[in-house]
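Here the structure is laid out as structure tokens; the discussion comes afterwards.
Read-outs throughout are calculated quantities, based only on the coordinates presented, and are distinct from any laboratory measurement. All values reported here derive from a predicted model rather than from experimental measurement. Note: ideal-geometry Cβ built from the backbone for every residue, glycine included; neighbour counts use all protein chains shown.
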Amino acid sequence: MESIFHEKQEGSLCAQHCLNNLLQGEYFSPVELSSIAHQLDEEERMRMAEGGVTSEDYRTFLQQPSGNMDDSGFFSIQVISNALKVWGLELILFNSPEYQRLRIDPINERSFICNYKEHWFTVRKLGKQWFNLNSLLTGPELISDTYLALFLAQLQQEGYSIFVVKGDLPDCEADQLLQMIRVQQMHRPKLIGEELAQLKEQRVQKTDLERVLEVNDGTGMLDEDEEDLQRALALSRQEIDMEDEEADLRRAIQLSMQGTSRNRCQDIPQTSGSHPTSEELRKRREAYFEKQQQQQQQQQAPPGQLTHLCEKSSTSSEAADSDLGDSMSEEDMLQAAVTMSLETVRSNLKTEGKK
């Protein structure tokens, strides 16, 4: 595709683009086509003058603008036809009854020039494949052999005049290259107007995105939808953080349980019912450590003092036993405290989500 010469539309110079795309090179400029148009105007003036320079028809002709060109860059079929004669090429009206009676398959031709409402473009065969070289497209459009006849028929229905280019076209690099290879086109070229509209839309979207980013940085006010989005994202991140914290707490509890199970003296049954309060946990923990201290004193005391210590601590032991009857082990108390903490966090999270 890169070797194919394709001029894109500039102003109303579609006739120039049509000819150069047909010949595959910068063969004609607006100045050269204007010169041909002026020559045709002069020939028409001379023919009109044959009827008399004082005639009404001649004066009317002089007052009318040129029919071969205008200030926008449009050139007539006569200008295009005369320009092609320089290269030994001629135009035949494809959709004329005379040509249609010949029943020539379009595939057997080499190129076409199409015109509708002062717009000209070329359809040409390069190598063994057909291409639409319309200057209004962003690039050459590949046309399959089976689609060519349908494409031309569609143009006729839309009101296009189609001309067959007869004669030997000048050699070009694209034609030589495509004689050896066949190309494939994954994406059809767009019209230049569509591409410009798409680029404009992308610029608008980029501007809107930059404005949103600027607002999110704190330099503007968030609208209601953006505030809801930011709140939802914040809650989502908070939930993820809480899940990570819960996982870390569970791992810490598991390690603690593994460490304390080696030093446990006896199993204390866990009380049933609701979770104890922090004050109850504190009292039970004091009773547990008091009992541990008494046991250590008994183990370190001489045999003669053992009876005295047992009598001295009988009252406190009984009170501690009554409390420990309903108390919890150290790992159970730690588990209960963590559970209460997690329930508090979840409650706060739900309250924040409702807001």
Which semi-axes, in whole Å and largest first, does the equivalent ellipsoid of the stretch 6-50 have when worked out from the alpha carbon gyration tensor as the square roots of 5 times its eigenvalues?
28, 10, 8
Listed residues Phe75, Gly88, Phe131: farthest to the positive end of the dipole of the stretch 57-131 (Cβ charges)
Phe131
Per-peptide average of other Cβ atoms within 10 Å, ordering 163-171, 118-126, 79-87 highest first:
118-126, 79-87, 163-171
Determine the equivalent ellipsoid of the stretch 1-122 by diagonalising the alpha-carbon gyration tensor, then write out the semi-axes as square roots of 5 times the eigenvalues, largest first, rounded to whole Å.
30, 20, 12
Compute the semi-axes of the equivalent ellipsoid of the stretch 122-193, taking the square root of 5 times each eigenvalue of the Cα gyration tensor, and list them largest first in whole Å.
20, 17, 12
Quick check on packing: order 44-52, 61-69 by the mean number of other C-beta atoms within 10 Å, highest mean leading.
61-69, 44-52
Principal axis box of the stretch 54-185, alpha-carbon based, largest edge first, Å
63, 33, 28
Quick one: which of 147-155, 128-136 comes out on top by average Cβ neighbours within 10 Å, and what's the full order, highest first?
128-136, 147-155
Quick one: net charge of Val86's neighbours, Cβ under 14 Å, K/R +1, D/E -1?
-2
With θ set to phi - 60° and the Karplus curve 6.51 cos²θ - 1.76 cosθ + 1.60, what are the ³J(HN,Hα) couplings of the stretch 98-109 in order, to the nearest whole Hz, using x for Gly and Pro?
5, 6, 5, 5, 6, 6, 7, 5, x, 5, 7, 7
Size of the stretch 45-112 as Cα extents on the principal axes (Å, biggest first)
52, 28, 21
Using amide H atoms built in the peptide plane, which far-off residues or other-chain residues are under 5 Å from Asn134 H to H?
Thr122, Glu141
